[in-house]
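*Asks:* Would you mind keeping the following structure in view while I ask a few things?
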Amino acid sequence: MMTDELTESLASIESALGRLGRELLLRLLQNGLSSDVVRSKLDAVGLSSTPELETVYGWRNGTASDAPAILDDIQLFPGFYLLSLDDAVTNYRAFAVDDRWMPGWLPVFANGGGDFYIVDLTAAGAAAVRRFWIDEAEHPVEFSSLGAMMTTLARGFERGIFYVDPQGYLEMDDLVFGRLAMEMNPDIAYWRELT
């Protein structure tokens with residue numbers, strides 16, 4: 001995917017979050033990093049960067065982790081928030097010794113309870129996005145790339161699949177999102193198996 005399309009998807013998500021009244025999240029998203037900084041921080045832990053990682057972290061360097069906010073307030077999409085690159089590297093180091101974790105899996109989105117969306121930076125992974133469930137043995141590929149993930153999420157916001165419930169939580173219609181993800185990512189077995 002072209003990084004221009006990824007940039008457009010990130011802008012669309014940010015606009016949608018604004019329309020949904022997610023002001024605290026938007027205030028807590030940190031300024032982006034230069035590509036050189038992204039490459040340097042990943043190189044320090046033996047990982048190679050990608051243009052898509054540099055685009056995402058160039059857009060925003062995650063969410064300020066020292067701010068007083070509850071996890072529900074900082075979700076970029078239902079259930080997950082964007083880790084700062086430093087937090088991503090810290091989590092990568094912490095999980096490197098876990099038998100369920102593969103060297104080369106960089107966590108980018110977290111739920112605060114040990115589950116992540118990771119970018120598979122192994123040679124075989126080709127920068128696909130996997131879901132890492134801490135209590136599960138299988139960690140399926142859900143998107144072929146960060147770009148595919150962000151484009152799918154942007155479309156979900158556009159179609160109103162993501163919404164704020166009466167209690168103020170960012171939620172989603174799981175079944176409708178599954179159909180959208182299958183439509184937009186027909187080559188991914190995970191979505192085919194859900195439908």
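The values are calculated or read from the model by the stated rules, or taken from the named source; none is laboratory data. Computed from a prediction, not measured in an experiment: that's the story for all the values here. When we count neighbours, we look across all protein chains shown, and the Cβ atoms used for this are built from the backbone with ideal geometry, even at glycine. Heavy atoms of the whole protein, side chains included, go into the accessibility calculation; ligands, DNA and RNA do not. Shrake-Rupley method; radii C 1.70, N 1.55, O 1.52, S 1.80 Å.
*Asks:* What does the accessible area per residue of segment 14-136 come to in Å², with a 1.4 Å probe and no ligands, DNA or RNA counted?
*Replies:* 45 Å²
*Asks:* If you don't mind, there's one more thing I want to ask. Considering only protein heavy atoms, with the full assembly of protein chains and a 1.4 angstrom probe, order MET184, MET102 by accessible area, largest first.
*Replies:* I get MET102, MET184, largest accessible area first.
*Asks:* Find the eigenvalues of the gyration tensor of the Cα atoms of segment 61-121, then list the square roots of 5 times those eigenvalues as equivalent ellipsoid semi-axes, largest first, in whole angstrom.
*Replies:* Gyration-tensor ellipsoid for segment 61-121: 21, 11, 10 Å.
*Asks:* Something else now. Just to compare against my own numbers: the Cα pair-distance distribution for segment 1-54, 10 Å bins, whole % per bin, please.
*Replies:* So the P(r) values, bin by bin, are 21, 38, 33, 8.
*Asks:* Can you give the translational diffusion coefficient of the chain in µm²/s, computed by Stokes-Einstein from the Kirkwood radius over Cα pairs at 10 °C and 1.306 mPa s? Could the numbers behind the result be given before it?
*Replies:* On the way: Rh = 16.9 Å.
Roughly 94 µm²/s, to the nearest whole number.
*Asks:* Another question about this same structure. If a paramagnetic tag sat 7 Å from the Cα of ASP98 along the Cα-Cβ line, which residues of segment 115-153 would have the backbone N under 15 Å from that point?
*Replies:* Answer for segment 115-153: 115-120, 130-140.
*Asks:* Still on this structure, please answer the following. Can you list the HN-Hα couplings for segment 108-120, worked out from phi with the Karplus curve (6.51, -1.76, 1.60; θ = phi - 60°), rounded to whole Hz and with x for Gly and Pro?
*Replies:* 10, 10, 10, 9, x, x, x, 9, 9, 9, 10, 9, 7
*Asks:* Find, to one decimal place in angstroms, the Kirkwood hydrodynamic radius of segment 47-151, where the mean of 1/r is taken over every pair of different Cα atoms and then inverted.
*Replies:* After inverting the pairwise mean of 1/r, the radius is 13.9 Å.
*Asks:* So, one more: Sequence gap at least 6, Cα distance under 8 Å: using those rules, report the relative contact order of segment 46-171 to the nearest whole percent.
*Replies:* 18 percent
*Asks:* For a quick check of understanding: with a 1.4 angstrom probe and all protein chains in place, what accessible area in square angstrom does ASP174 have, to the nearest ten?
*Replies:* Its heavy atoms expose roughly 110 Å² to the probe.
*Asks:* Can you put ILE161, ILE134, ILE70 in order of accessible area, largest first, using a 1.4 Å probe? Mind showing how you got there, number by number?
*Replies:* On the way: ILE161 10, ILE134 45, ILE70 100 Å².
Reading off the accessible areas and sorting them downward yields ILE70, ILE134, ILE161.
*Asks:* How much accessible surface area, in Å² rounded to 10, belongs to the heavy atoms of GLU23 with a 1.4 Å probe?
*Replies:* Probe radius 1.4 Å; accessible area of GLU23 about 100 Å².
*Asks:* Where does the charge balance sit around LEU153 when Lys and Arg score +1, Asp and Glu -1, over other residues with C-beta under 15 Å from its C-beta? Show your work: numbers first, answer last.
*Replies:* Values: positive: ARG19, ARG22, ARG60, ARG131, ARG155, ARG159, ARG179; negative: GLU5, GLU8, GLU14, GLU52, GLU142, GLU158, GLU171, ASP173, ASP174, GLU183.
Residues near LEU153 contribute -3 overall.
*Asks:* For the chain, set up a Gaussian network in which alpha carbons nearer than 10 Å are linked by springs, and say which option among GLN75, GLN30, GLN167 fluctuates the most.
*Replies:* GLN167
*Asks:* For ASN111 and VAL37, what does the FRET efficiency come to when R0 = 22 Å and r is the distance between their Cβ atoms, rounded to the nearest 0.05?
*Replies:* According to the calculation, E is roughly 0.30.
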